[in-house]
Structure formats: C-alpha cells, structure tokens
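Just below is one structure, and these are the notes that go with it.
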Amino acid sequence: MNITSQPIERNISTTEDAVCAPDSRAKDLSKFAGAVITATGEELAAHAACKAAGRAWSKINSPDNKERATSLAEGFKILNKAGILKEENLNALLHHPKNARFLVLGLGHLNEIGILIQANFDALLQHAKNVPSLTTGIITLNEAGILTQDNLHALLQHPENIQNLAHGLGHLNNAKILTQDNFDAYLQHPEHVRNLAVGIVILNKAAILNQNNFTDLLQHAEQALPLAHGFGSLHNAGILIQNDFNTLIQYPENALIIAEHLVIEFQNREKDDFLVPVQEHLNTSTLG
C-alpha cells in the first residue's frame, strides 16, 4: 500500500493517542509513534507507522530503544523525502532495529546525491548484516566525491570483503588519494582485498601512503600478504620509512624476511649506541 499522500495539518498528540493509546505499552510506543508522525507528516503514514510499530516494538524495546526509535523515525523521514515511503519499506526498516542507525546513515547519504531509489533501498537491506561496513564505505565514497550509482553497485558486489574494503577505502581517503581511478584499481583485486587493506592501513599509519606507493602496492597485489607482514614488522619497530618500503617492494615475496633482518640490524645499532657510551664511561672511571 502506497502511503505517500500530501502532508496535512493536525494535532499530533491527538493522532498519537487515537492510534496508539489503546496499546498497553502506550507511553513508550506513543513516543515512538509521535516521532514517526512528526517525521512523515502524513495521516495515513502515521497510522501505518503505529500499526507497524506495535508489531515490531518488542524488537526495539530495550535500554537503547530511544536511539533506535529516533534512527527509525529519521529513516522514515528520509524515505519520505526520496518518495519511497510505503508500508512495506516502513516494515522492512522496523525488522532491522539493531542496525537502524547505520541503515539510516547509509540511506541519508544515498538520498543526498539523489540515488535513494527502491532498488537501492532493497539492495541495502539485502546486506543488512554487513550494513555497518557498507555504510562506512558509502560515507567514505561520498566524502571523496565519488559516490555514484555505479560505485554503489560495485561495493555491493563484494559483501564478503566489504569490511576490509571499507577499511582500505577509509585510509585512502584519509591520505587524500581516494579517486575514481584508485577505487576502480582497488576493486580489480577482490581476492586480495583483505591483505591489500592491511598494507594500506599500515602505510597510512606510517605516513607514507601516497599515490606512488599505492600504485606499487597494487602492482604486487598477489604478494600483498608478505608485503603486509613486512610493513607491519617494520612499523611495529617504529622504522617503516620510504627507503624501507622501496626495499621491500623490490622483493615482495621475501618482504617479511627482509623486514625482520632490518629490525634486527636496527636493534643491534640501538644496542651499540647505548653500550659504547657506557663502556667509555667505565673505561674513564677505571683509568681515574
């Protein structure tokens, strides 16, 4: 049933009471219904919302139900703005109260650029269990200015890798190199997304994630795992710099072995730098 009628003026509290008060949970439910009515601004939508809320209230009747109710009401508002507020969509949102905040965030960003259509709404709900990571990816693409219908579709093609993919995209965006070309290039290696993401994150933390290094990393996507281990070993020792990256990327299959040798050399140098002054001090004391 389509419920996108034109907004009309009325007394909201009266409508709440009329629709929801008979329920034994009227106090909390009517608050939720009131938020829904305010969000949608529609008589028919308000009635449908109250009925759906009554059926689903047990799912959001928890200590954090206020936050969930607020998120759901905001979701109804966004659907209304996009012109797809109807009872089946309202019920669909109500079936995912735990992920309501992430769902609504994702819907808001899709609506912001004009691609919140029924097909995209359905697609988002089909991946409800991955929606926190999926929403993170959507937000990141929007922040980078490359959230489009095609890129959303591309994200949805990798549900099994979406957490790692979104994590990598976030760090590319932090490094100011999340462009359309880099997004496309990253997705050309779906089987290596996790290992590439680990490498991207470490390079960004070491402040050496740039276009050249990202391109070099993608060129060795098949060796992303040993490279990630090598980067991690050097970064954990606090010595991952550009020269070391250059060394590892030349020998990607042996990156971890090389990194471990570099760490040992560094530790030995530090040990020598500490022991030489101590020994000189002991010699001076003995001579004195």
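Derivation of every value follows stated rules applied to the coordinates shown; laboratory data play no part. Because the structure is predicted, anything quoted here is derived from the model rather than measured. Neighbour counts run over all protein chains shown; Cβ positions are idealised from the backbone, glycine included.
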* Structure fact -> In the structure shown, of LYS81/LYS129; LYS86/LYS129; LYS129/LYS205, the pairs separated by more than 27 angstrom at the C-alpha atoms are LYS129/LYS205
* Structure fact -> In nanometres, the difference between 0.36 nm per residue of separation and the alpha-carbon distance of ALA185 and ASN243 is 18.4 nm
* Structure fact -> Rounded to 0.05, the calculated FRET efficiency for the beta carbons of ALA123 and ASN212 at R₀ = 35 Å is 0.50
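Tell me the net charge near HIS158. Cut-off is 15 Å between Cβ atoms, HIS158 excluded, with +1 for each Lys or Arg and -1 for each Asp or Glu. Working shown, then result.
Details: positive: LYS129, ARG194; negative: ASP150, GLU160, ASP184, GLU191.
Cβ neighbours under 15 Å give a net charge of -2.
Does region 127-188 come out rounded, prolate or oblate by the C-alpha gyration tensor, with a ≥ b ≥ c the root eigenvalues, rounded set by a/c under 1.5 and, if not, prolate when a/b is larger than b/c and oblate if not? Show your work: numbers first, answer last.
Numbers: a/c = 1.55, a/b = 1.42, b/c = 1.10.
Verdict is prolate for region 127-188.
Could you tell me the calculated FRET efficiency between GLU160 and GLN219, based on Cβ-Cβ distance and R0 = 35 angstrom, to the nearest 0.05? Before the final figure, lay out the partial values.
Values: r = 24 Å, r/R0 = 0.69.
Using R0 = 35 Å, I get an efficiency of 0.90.
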* With a point put 7 Å past each Cα toward its Cβ, work out how far THR148 is from ILE113 in nm, to one decimal. => 0.9 nm
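Please get the size of the charge dipole for region 117-193, origin at its Cα centre, with Cβ charges of +1 on Lys and Arg and -1 on Asp and Glu, quoted in debye to the nearest 20.
Charge dipole of region 117-193: 200 debye, to the nearest 20.
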* Just flag the GluC sites (Glu not before Pro) in region 171-258 sitting in loop per DSSP whose Cβ has no more than 10 other Cβ atoms within 10 Å. => none
* LYS176 versus PHE266, label points 7 Å from Cα toward the beta carbon: distance in nm? -> 2.6 nm
